[in-house]
2 protein chains.
Amino acid sequence: MSKPLILVTNDDGMNAPGIRSLVETARQFGEVFVVAPNSAQSGQGHAITIEDPLRLHRVEVFEGIESYECSGTPVDCVKLATNILLKDRKIDLCVSGINHGSNASINVLYSGTMSAAMEASMEGINSIGFSLCDYSFDADFSAAKVYAHQIIAETLEHGIPKGKLLNVNIPNLPLQQIKGTRICRQGEGRWDEKFQEGLDPRGQKYYWLTGSFVGESNSLLSDHFALENGYVAIVPIQHDLTNFDAMHTLHHLQFDRPNPSVH
Amino acid sequence: MSKPLILVTNDDGMNAPGIRSLVETARQFGEVFVVAPNSAQSGQGHAITIEDPLRLHRVEVFEGIESYECSGTPVDCVKLATNILLKDRKIDLCVSGINHGSNASINVLYSGTMSAAMEASMEGINSIGFSLCDYSFDADFSAAKVYAHQIIAETLEHGIPKGKLLNVNIPNLPLQQIKGTRICRQGEGRWDEKFQEGLDPRGQKYYWLTGSFVGESNSLLSDHFALENGYVAIVPIQHDLTNFDAMHTLHHLQFDRPNPSVH
């Protein structure tokens, strides 16, 4: 079997220590190809660029690894990788990250890192997003690399159920204190949002988003609970948002009905 | 009972005919409050603005309706509405749209319209996104308004199961040809993407996203199938992305395991 082709992307850009850690890990398994944004794209969710043209620039960042910077969002990076740069090749795995900061619980929805991984999954590629629960630039990725290595190895061996991908969050702990990996569900939680209000230099009012995340810890199966208890949290996620239980409820409430004027 | 407070938003901006149609419909049920982006935000998904401050400007667009333009994404609009503008009030319903263009199948993931509705749902507000399957500015919203009226009425009467919201897509047909409403699941599909390649005025290469959507029509329960057969498609969706079946599969594959060096 030929060496697997692994696409690496992220939302923090090419010069973030997190993507360097992921490239170093992934290259132990096969050929690595990098397409990452040329600017910080945290919080970009599943945004795509349709009103503007996109640019791709080849860069030399990782020795011996073909790498491109893209002017768009993380999802744009994956679309350009699959449709232009690697159009005629089979991508065996996409890994996104390692993000500087948690993408557990509802944070998955806002995350450019996870949306890039989901886009690859939607194109039929096995895909994993990795995040370390430390927002700082100087975060210590050494334990995260060990777990990324383990999970990439398992994924290349077994694959991931079709249409699914993995959201992997690693607690901000030294390797010796991490208790292992746990399969989890996406936890509930909410952002206790504050908008910092101020006046700009022209005296115009602005609002700047900030806040603190409040995770629900009462579900023993949640990613948030696992992280709080020293485990790496692995959540299998999907792009199908349907709630099947609610389909039944709405049917009983007769939300579906024929148009009385059509016969 | 006092009149319900209804938050209206969209991703096409305050001057799109689609939001006017929705405001006209919603005001028949209660007090309407509008917060919408000040620029086109299609394809923004669940993006939020964290690197830049946001602006809010009160505008007079709809007679007798308090309305604000926001410099950010559709999700930003909802966050500013709930945390600043309507901070001390209970919002009974959020309606987003009516979008110019389909948000059925996987399009829900890219949609600013649907992400705004989802953000409201995550804050505990009953929430519905409406889309008309016609991308043109001059689309005919008359049938869409009739069905928006019906579904808003049912939602105000019954509510929506907690943590869920409705993705409503309306076929581009005259009212008399629409067969009624159907409760559906999110259909599978994919974008057959093409990047238009060209040179900018400075001779630099660009890539501009385009393509055509290919919906899978072989699921009788899918929104795509319902729309193709002349029905309004109502999909109950959720923000919990967990795939529970895959949790079992990964457990059997031993993706979860203790750290051997921790005792």
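Any read-out appearing in this document is the output of simple, stated calculations on the displayed coordinates, not a laboratory observation. The structure presented is a predicted model; accordingly, all values stated were derived computationally and were not measured. Here Cβ is always computed from backbone atoms with ideal geometry, including for glycine, and neighbour counts include all displayed protein chains.
Across the range B:31-52, the number of residues qualifying as in contact with an Asp or Glu (Cβ under 7 Å, 6 or more places away or on another chain), assigned to a loop (DSSP other than H, G, I, E, B) and of a type outside the set (Ser, Thr, Tyr) comes to 5. Scanning for something of a type in the set (A, V, I, L, M, F, W, C) and closer than 30 Å to residue B:11 by Cα, does the range A:18-36 turn up at least one residue? Yes; the residues of the range A:18-36 include at least one that is of a type in the set (A, V, I, L, M, F, W, C) and closer than 30 Å to residue B:11 by Cα. Restricting B:63, B:51 to those that are of a type outside the set (Ser, Thr, Tyr), surrounded by fewer than 17 Cβ atoms within 10 Å (Cβ to Cβ) and closer than 21 Å to residue B:149 by Cβ reduces the list to B:63. Of all the residues that make up the range B:89-124, how many are among the aliphatic types (A, V, I, L, M), farther than 18 Å from residue B:145 by Cβ and part of a helix (DSSP H, G or I)? The number of residues fulfilling the criteria is 7. The residues of the range B:214-232 that are outside any loop (DSSP other than H, G, I, E, B), in contact with a helix residue (DSSP H, G or I) (Cβ under 8 Å, 6 or more places away or on another chain) and more than 10 Å from chain A (Cβ to nearest Cβ) amount to a single one, B:215.
Test residue B:24 against the stated conditions and say whether it is crowded, with 16+ Cβ neighbours inside 10 Å and either over 15 Å from the mean Cα position of the chain (by Cα) or not in a loop (DSSP other than H, G, I, E, B) (or both). Here the answer is yes, as residue B:24 does meet what is asked.
Taking the range A:178-205 on its own, how many of its residues are part of a strand (DSSP E or B), in contact with a Phe, Trp or Tyr (Cβ under 9 Å, 6 or more places away or on another chain) and under 23 Å from residue B:83 (Cα atoms)?
Final tally of qualifying residues: 9.
Residues in the range B:79-88 that are in a helix (DSSP H, G or I), surrounded by fewer than 21 Cβ atoms within 10 Å (Cβ to Cβ) and hydrophobic (A, V, I, L, M, F, W, C): 2 in all. Given the options B:250, B:209, name the one that is surrounded by 12 or more Cβ atoms within 10 Å (Cβ to Cβ), not in a strand (DSSP E or B) and not small (Gly, Ala, Ser). The unique qualifying residue is B:250.
Table: residues versus (1) in contact (Cβ under 8 Å) with a residue 60 or more places away in the chain; (2) within 14 Å of chain A (Cβ to nearest Cβ); (3) touching a Phe, Trp or Tyr at 6+ places or on another chain (Cβ under 8 Å).
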| site | (1), (2), (3) |
| --- | --- |
| B:69 | no, yes, no |
| B:86 | yes, yes, yes |
| B:94 | yes, no, no |
| B:116 | yes, yes, no |
| B:121 | yes, yes, no |
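Suppose the filter is assigned to a helix (DSSP H, G or I), touching a residue at least 40 places away in the same chain (Cβ under 8 Å) and more than 17 Å from the chain's Cα centre (by Cα); does residue B:156 pass it? Answer is yes for this residue. If you go through the range A:32-47 and pick out every residue that is crowded, with 24+ Cβ neighbours inside 10 Å, under 17 Å from residue B:44 (Cβ atoms) and in contact with a Leu (Cβ under 9 Å, 6 or more places away or on another chain), you end up with 2.
Apart from one condition, residue B:76 fits all of (1) without any contact (Cβ under 8 Å) to a residue 24 or more places away in the chain; (2) among the acidic types (Asp, Glu); (3) not in a loop (DSSP other than H, G, I, E, B); the exception is (1).
Selection of first residues in the range B:191-213 that are more than 9 Å from chain A (Cβ to nearest Cβ) and free of Cβ contacts under 8 Å to residues at least 24 places away in the same chain and of second residues that are of a type in the set (S, T, N, Q) and part of a strand (DSSP E or B), restricted to Cβ pairs under 6 Å at least 6 apart or on distinct chains, gives the following pairs, ordered by first then second residue: B:192/B:212.
Every listed requirement among (1) of a type in the set (D, E, K, R); (2) under 16 Å from residue A:127 (Cβ atoms); (3) in a strand (DSSP E or B) is met by residue A:69 save one, (2).
Looking across A:147, A:110, A:135, one residue alone is surrounded by fewer than 20 Cβ atoms within 10 Å (Cβ to Cβ) and aromatic (Phe, Trp, Tyr). It is A:135.
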